[in-house]
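These notes concern the structure reproduced below.
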Amino acid sequence: MDRFQLVPAAYVVLRRGDEVLMMLRANTGYLDGYWAVPAGHVERGESVLAAARREVREEVGVEIDPAHLVPLTAMHRTGGNGDPIDERVDFFFATTRWTGEPHLLEPDKAAGLDWFPLDRLPDPVVPHEARVLAALRDGRLPAVLAQGFTD
């Protein structure tokens with residue numbers, strides 16, 4: 001019997017007052033044309049905290065002290081299709097402190113970068129990220145979320 005596997009990912013919500021930094025996905029093959037926060041897969045041998053810092057550095061060019069990464073929620077989600085790549089656990093962090101000025105470093109993967117108020121996000125936002133950002137805006141973000149399951 002094959003052991004159940006999950007793909008871990010780290011997401012970082014950079015906050016400036018009531019605004020969040022978002023990128024417009026492009027040329028990735030996954031939800032291109034949707035807005036998203038800096039994020040990416042955790043690599044083998046890497047902690048989720050190291051992954052969060054690395055993804056933000058690679059995508060928007062800022063450095064974050066791990067002490068300034070505030071856990072928001074974890075989301076266990078499934079595509080419901082049995083494909084291992086669609087079995088996920090996502091760790092969401094927020095920060096209001098970083099070094100450097102955010103700018104787009106991967107123009108081959110993103111077509112835009114901008115700040116948006118939490119109550120006026122662009123359309124469309126990656127659906128599972130939209131759920132987290134709406135809960136953050138409403139002040140009702142549980143420690144753990146599940147998405148795509150029938151129970």
Report summary line: If each part is reduced to its alpha-carbon centroid, the stretch 65-105 and the stretch 118-151 end up apart, in Å, by 12
Query raised in the report: When the chain is fully extended, how far beyond the present Cα-Cα distance does residue 58 get from residue 130, taking 0.36 nm per residue of separation?
Result: 23.7 nm
Report task. Determine, for 106, 58, 101, the number of other Cβ atoms within 10 Å of each Cβ, and report the residues in order from fewest to most. Result -> 101, 58, 106
Report task. Only bridges with both residues in the chain count here: give the DSSP antiparallel percent, nearest 5. Result -> 65
Query raised in the report: According to a simple spin-label model (label point 7 Å from Cα along Cα-to-Cβ), what is the distance in nm between residue 137 and residue 74?
Result: 2.7
**Report entry** Value of [θ]222 nm, deg cm²/dmol, for the chain, DSSP H segments ≥ 4, -39500 (n - 2.57) each, nearest 500
**Finding:** -5000 deg cm²/dmol
Report task. Give the relative contact order (percent, whole number) for the chain; include only Cα pairs under 8 Å separated by 6+ residues. Result -> 32
Report task. Would you kindly state how much longer the chain becomes between residue 151 and residue 119 on full extension, computed as 0.36 nm times their sequence separation minus their alpha carbon distance, in nm to one decimal? Result -> 8.5 nm
Report task. May I ask for the angle, rounded to the nearest 10°, between helix 127-138 and the longest principal axis of the chain, with both axes built from Cα atoms and the value confined to 0 to 90°? Result -> 60
**Report entry** In range of the label at residue 97: residues from the stretch 1-35 whose backbone nitrogen is under 17 Å from the point 7 Å along Cα→Cβ
**Finding:** 13-17
Report summary line: Nearest 10, in degrees from 0 to 90: the angle of helix 48-60 to the longest Cα principal axis of the chain is 50
Query - For residue 53, net neighbour charge (Lys/Arg +1, Asp/Glu -1) across residues whose Cβ lies under 13 Å away - result: -4
Query raised in the report: Which three lengths, in whole Å and largest first, does the chain cover when its Cα atoms are put on their principal axes?
Result: 49, 34, 33
Requested in this report: Report the extension gain between residue 44 and residue 105 in nm, rounded to one decimal, defined as 0.36 nm multiplied by the number of residues separating them, less their alpha carbon distance.
Outcome: 19.6 nm
Query - Relative packing of peptides 59-66, 43-50 - highest average C-beta neighbours within 10 Å first - result: 59-66, 43-50
Query raised in the report: What number comes out for the charge environment of residue 115, summing +1 per Lys or Arg and -1 per Asp or Glu over other residues with Cβ under 9 Å away?
Result: -1
Requested in this report: Only loop residues by DSSP count here, and only those with at most 15 other Cβ atoms within 10 Å; note down the chymotrypsin sites (Phe, Trp or Tyr not before Pro) in the stretch 52-151 that meet that.
Outcome: 149
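Any read-out appearing in this document is the output of simple, stated calculations on the displayed coordinates, not a laboratory observation. This structure is a prediction, so every number in the text was calculated from the model and none was measured. Here Cβ is always computed from backbone atoms with ideal geometry, including for glycine, and neighbour counts include all displayed protein chains.
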